[in-house]
Every structure is written in structure tokens, then in C-alpha cells.
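Quick note: the coordinates plus some simple rules give every number you see, no bench work behind them. It should be emphasised that the depicted structure is a prediction, and the values quoted were computed from it without experimental measurement. Methodologically, a virtual Cβ is constructed for each residue, glycine included, from the backbone with ideal geometry; neighbour enumeration extends over all protein chains shown.
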Amino acid sequence: MDEITPRPVAEVLPEQLYLTARLGEIDRGLGRLAARLGAPTPITQPMDALDRARELVADMQKQVAVRPLEASIAAQVAWLDAAEARLGADDGEPKLDLDRIALDRVLLGELLEGWRSRRN
């Protein structure tokens, strides 16, 4: 197994700050959505998308400890490509719903675009 080497804090800090800010935006979005709904309700598509965005950003926060954000996003997109390619295979492996793959691609693209615009 390959050894995982943590990146220097100075390299990780800007990415962590960006991702923490994104989590705050997502949490505020979830709060606004919950306030609009007012009562417990079945999960709606916007709630599901925000929840998935939160999961992806939290995962990226862990990954940037060992590789740059752009590389982490690229690795996740590569995994989505492989998952999408396996959709038609009857190999007994669990399959992701194509809608989830499309949602993840959009969310990762937005995350990458936000990071790049912040850096420039």
C-alpha cells in the first residue's frame, strides 16, 4: 500500500479555507430551504442536491490534506467516469444512479470553478 504523506499546512490552508466557506454557503442554503418549508417534509430535490454538495465538499476537505484540490476533484471525476462506464455491465457490482453521477459532475464542476475564480 502506498504511504500517504500529508501536505504542508501552508499549501493546504487556502484550500481548506475555501472549502470551509463553501460548507457555510451550503449550510445557509439548507437553512433557508428548511425555513421556507417550515415543517418536517420528505426530502426534496433541492434538499438532496444541497446535501450531496455538503458531502462532496466534506470529502474534498479530507482529500486536500494529501493532494491539491484540483487533483482531488480530478480523481473524483475519474471515479465517476468509471462508475458511468460500469452502468451497463452486469457484473454484480452495485451501480450508482446516472442522475447521481450527473449531479456529482455538476457539483464538482461548480466547486472547481469557484476555486479557480478565487485563485485568480
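Observations
- When the Cα positions of G88, L13, A58 are compared along the charge dipole of segment 9-119, L13 comes out farthest toward the positive end, with charges on each C-beta of Lys, Arg, Asp and Glu.
- Our helix-only sum for the chain, with -39,500 (n - 2.57) per DSSP H run of n ≥ 4 divided by its residues, gives a mean residue ellipticity at 222 nm of -25500 deg cm²/dmol.
- For L107, L80, L13, L19, the sequence from fewest to most other C-beta atoms within 10 Å is L13, L80, L107, L19.
- Around E15: net Lys/Arg minus Asp/Glu count, Cβ-Cβ under 11 Å: +3
- Applying Stokes-Einstein at 20 °C and 1.002 mPa s to the Kirkwood radius of segment 50-89, computed over alpha-carbon pairs, gives a translational diffusion coefficient of 195 µm² s⁻¹.
- Overall size of segment 1-103 from C-alpha positions, given as principal axis extents largest first: 48, 44, 18 Å.
- Given R0 = 22 Å, the distance between the Cβ atoms of L13 and A49 translates into a calculated FRET efficiency of 0.20.
- Point-to-point label distance, E113-D91, nm (Cα→Cβ direction, 7 Å offset): 3.2
- Mean Kyte hydropathy of 0.0 or more with a Cα span along the axis of at least 20 Å, helices from DSSP in the chain: 9-37, 69-86
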